[in-house]
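So the structure is just underneath, and the comments pick up after that.
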Amino acid sequence: MWATVPTQKPVWTPVILRRCASSPPVLDARRSLKDGRKQDEDGSELSPQARAERAAAPYLSAVWRVVGGVLVGGGAGWFIDGKLHSSPWGLIVGLFVGMGAGFYGLIQALNSMKKS
């Protein structure tokens, strides 16, 4: 805390200076954990599950490109069927266009993972 001297200027007490000179107790406790956590490149500690999820993220992103392409293409085809009364051809064409776009995105994602 603050200590006052006759000039009434705030001065740090030696107790505070000692606490600031060492690392906080929370960091010391984190360094001493032995439950499988390792430090990541940015210095944060991740559990084994978090590291596995981070490693799987590019593959999940690639799969969602296919799913998203099919859903958007199917939705667009369904919308066109409703407006033009051409059921089921708009939906069929939309699904095929969506699958093509989704697989194109999948191939792009896999190629970018291969490069890095």
message: Taking the criterion of being surrounded by 15 or more Cβ atoms within 10 Å (Cβ to Cβ), modelled with pLDDT under 85 and in a loop (DSSP other than H, G, I, E, B), would at least one residue in segment 37-46 satisfy it?
response: yes
task: May I ask you to list the residues in segment 81-103 that are in contact with a Gly (Cβ under 8 Å, 6 or more places away or on another chain) and either buried (at least 17 other Cβ atoms within 10 Å of the Cβ) or hydroxyl-bearing (Ser, Thr, Tyr) (or both)?
output: 81, 90, 91, 94, 95, 97, 98, 101, 102
field: Residues satisfying the stated conditions in segment 60-79, i.e. crowded, with 18+ Cβ neighbours inside 10 Å, more than 23 Å from the chain's Cα centre (by Cα) and of a type outside the set (Val, Ile, Thr)
entry: 73, 74, 77
message: One residue is enough: does segment 89-96 have a residue meeting the conditions over 22 Å from residue 58 (Cβ atoms) and of a type in the set (Gly, Ala, Ser)?
response: yes
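The values are calculated or read from the model by the stated rules, or taken from the named source; none is laboratory data. Predicted model only: the values in this text are computed from it and were never measured. Ideal geometry is used to build each Cβ from the backbone, glycine not excepted, and the neighbour counts take in all protein chains shown.
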